[in-house]
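Peer 1: Have a look at this one before I ask anything.
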Amino acid sequence: MRSRRWQLCTCAVALWALAACSRERAPPRTASVPVTVTRAVTRDLPIVVSAPGTVEAINAVAVKSRVDGQLLEALVGDGAEVAAGQLLFRIDPRPAQAALQQAQAALARDRATLVQARSQVERYRDVAAKGYLSADQMEQYRTNLGVAQAAVKVDEANLEAARLTLGYTQIHAPMAGRLGRIAVQPGNLVKANDSTALVTLNQIEPIYVSFALPGSQVGRVLAAQQAAPLLVLASAPGIAPPVEGHLAFVDNAVDSASGTIRLRGEFANAGHVLWPGQLVSVELTLGHDANAVVLPAKAVQNGPHGSYVYLVRPDRSALQRPVTVARVHEGVAIIEQGVADGDLVVLDGQSRVQDGSELKFDADAASAADSRP
């Protein structure tokens, strides 16, 4: 009896050992990695270069007085919108009016002298021709006539200058635009062409946006500009959608210190969303890629050896594939090499994927996936 029990125990131990060995030798099962996928597609995409930019007024005028005098009145307020020719300031006109009256009186006096000199020449011309008047005396009458004519011309010029000076006592806007802060208040004395401007006037419509690109882009920009007008977009926080303009200026030299070239876009700015001194993001469109292979930018990963994606094999396993990204535009990566039109690529969940990993995804979503962001 004891021998039979021993045999049963020995058989049980052997069976347990065999089961343990079989469990150790069985290969581990790898769980499928859940991912989302997309397909690479061919699209027509614009060729866009981006750069930071600064808004600049096309014209900025420091409004100053042309005459000395007391500022009597400011007819506009700080930050006012003004039209071209609008009256802005009035300076005391009384000194200029007095000078104008003096010029008018001098002109009237010399015109009377001119009339007398002309009548003397006409009266004595025949007398001198008959010899009853000396040649010297006749020449003196002619000289007096010339002097009187010159005096009248001088008076006419002085009168015009006095009228201009009187006109300068009213200061008008040289162009339409937006005023800054008024620096000199009524009651103060102003001087002609003083270092302190009464106010600064900036032209807001149209307006410039200045930006710089690497000097290596000059050839592409000039070639594209010869083909067609180039679209420029300016955007900033609070500007939606981006403002559209066109490239208006390319500098004639590359800055040797920075290696960049200065460009300028012109914008109609009817809504006044662009403001002088504002920092904006600029996008310059240089043309279009008619057959660009594109993927959502988040499908592209960066590793120590460059950019790569995970392609999906027919058996639903992952294949790590190096790619060359030409550029990224609005969340879409343009792929130069590594992916072809129609390739299925892992879009999300790459953190758990390795080369050869078994993938789990919705087949219906995969068949409908494309690269639109």
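Peer 1: Straight distance only, please: which aspartates and glutamates reach the Cα of residue 130 with their own Cα at less than 17 Å, same-chain residues fewer than 8 apart left out?
Peer 2: The qualifying aspartates and glutamates are 122, 139.
Peer 1: Among the aspartates and glutamates, which fall within straight-line cross-link reach of residue 64, defined as a Cα-Cα distance under 12 Å, with same-chain neighbours fewer than 8 residues apart omitted?
Peer 2: Those aspartates and glutamates meeting the cut-off are 194.
Peer 1: Moving on to the next point. Return the label of the correct value of Cα extents along the principal axes in Å, as calculated from the structure shown, out of (i) 184, 48, 39; (ii) 86, 50, 39; (iii) 81, 51, 44.
Peer 2: (i)
Peer 1: Could you compute the net charge surrounding residue 218? Neighbours are other residues with a C-beta less than 13 Å from the C-beta of residue 218; K and R count +1, D and E count -1.
Peer 2: With Lys, Arg at +1 and Asp, Glu at -1, the neighbours total 0.
Peer 1: How large is the Kirkwood hydrodynamic radius of the range 93-168, counting all unique pairs of alpha carbons, in Å? Show your work: numbers first, answer last.
Peer 2: Numbers: mean 1/r = 0.0721 Å⁻¹.
Every distinct Cα pair counted, the radius reaches 13.9 Å.
Peer 1: So, one more: Could you work out how far helix 135-167 tilts from the main Cα principal axis of the chain, as a 0 to 90 degree angle to the nearest 10?
Peer 2: 40
Peer 1: Order the peptides 318-325, 340-347 from the highest to the lowest mean number of other Cβ atoms within 10 Å of their residues. Walk me through the numbers before you get to the answer.
Peer 2: Working: 318-325: 16.6, 340-347: 18.1.
Result, highest mean Cβ count within 10 Å first: 340-347, 318-325.
Peer 1: Against the longest principal axis of the chain, how steep is helix 94-129, in degrees 0 to 90 to the nearest 10, with axes from Cα atoms?
Peer 2: The angle comes out near 50 degrees.
Peer 1: Same structure again: Could you order the peptides 110-123, 283-296, 132-145 from most to least packed, using the average number of other C-beta atoms within 10 Å per residue?
Peer 2: 283-296, 110-123, 132-145
Only the coordinates and a few stated rules stand behind these numbers; no lab work does. In this text the structure is predicted, and so the values were computed from the model without any measurement. Here Cβ is always computed from backbone atoms with ideal geometry, including for glycine, and neighbour counts include all displayed protein chains.
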